[in-house]
Amino acid sequence: MIQFYRVIGFFLLIAGVASFFALLALLVDQLREPFFLLIILCSIGLGATGAVTFYRKTDDDKEWLLGLLFIIGLGIALFVGGAIQWVQ
């Protein structure tokens with residue numbers, strides 16, 4: 001159960017950092033473009049990691065599904081954490 005709380009805390013940390021970056025991008029106009037490019041690079045990295053995880057799966061090992069769900073959850077945490085600041 002403690003591992004579950006660690007994973008939830010990790011996702012909240014990622015979402016909080018994404019929210020902080022989005023707030024900085026709203027407050028400082030010069031940071032909008034660099035943070036947008038940073039988010040695009042993170043999205044490409046998560047997509048590539050998910051594709052590698054999916055295509056390296058084996059029939060007898062179900063560990064790839066847990067890794068894929070973790071990557072999807074991380075992407076959702078980044079999206080929600082960043083999108084919170086853009087909604088008025």
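The values are calculated or read from the model by the stated rules, or taken from the named source; none is laboratory data. Predicted model only: the values in this text are computed from it and were never measured. A quick note on method: Cβ atoms are made from the backbone with ideal geometry, for glycine too, and the neighbour counts reach across all protein chains shown. Note: areas computed on protein heavy atoms with side chains; ligands, DNA, RNA excluded. Shrake-Rupley method; radii C 1.70, N 1.55, O 1.52, S 1.80 Å.
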Handout entry: Residue ID - most open to solvent (accessible area, probe 1.4 Å), chosen from residues in segment 20-37 that are within 14 Å of F79 (Cβ to Cβ) and either modelled with pLDDT of 80 or more or basic (K, R) (or both)
Key = F21
Practice task
Take L31 and decide whether it is in a helix (DSSP H, G or I) and under 16 Å from the mean Cα position of the chain (by Cα).
Solution key: no
Problem - Lone qualifier among I76, I14, I71 - being open to solvent by 70 Å² or more (accessible area, probe 1.4 Å) and assigned to a helix (DSSP H, G or I) - result: I76
Exercise for the section: Name the residue, out of G81, G45, that is touching a residue at least 60 places away in the same chain (Cβ under 8 Å) and not β-branched (V, I, T). Expected result: G81
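Only one residue in L74, L46 is at pLDDT 80 or above, over 16 Å from I8 (Cα atoms), touching a helix residue (DSSP H, G or I) at 6+ places or on another chain (Cβ under 9 Å) and not charged (D, E, K, R). Which one?
L46
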Practice task
Being out of contact with any helix residue (DSSP H, G or I) (no Cβ under 8 Å at 6 or more places or on another chain) and at pLDDT 80 or above is the filter; apply it to segment 52-65 and report the residue that is surrounded by the fewest Cβ atoms within 10 Å (Cβ to Cβ).
Solution key: Y55
Practice task
Please tell me if A48 is more than 18 Å from G81 (Cβ to Cβ), open to solvent by less than 70 Å² (accessible area, probe 1.4 Å) and either of a type outside the set (S, T, Y) or assigned to a helix (DSSP H, G or I) (or both).
Solution key: yes
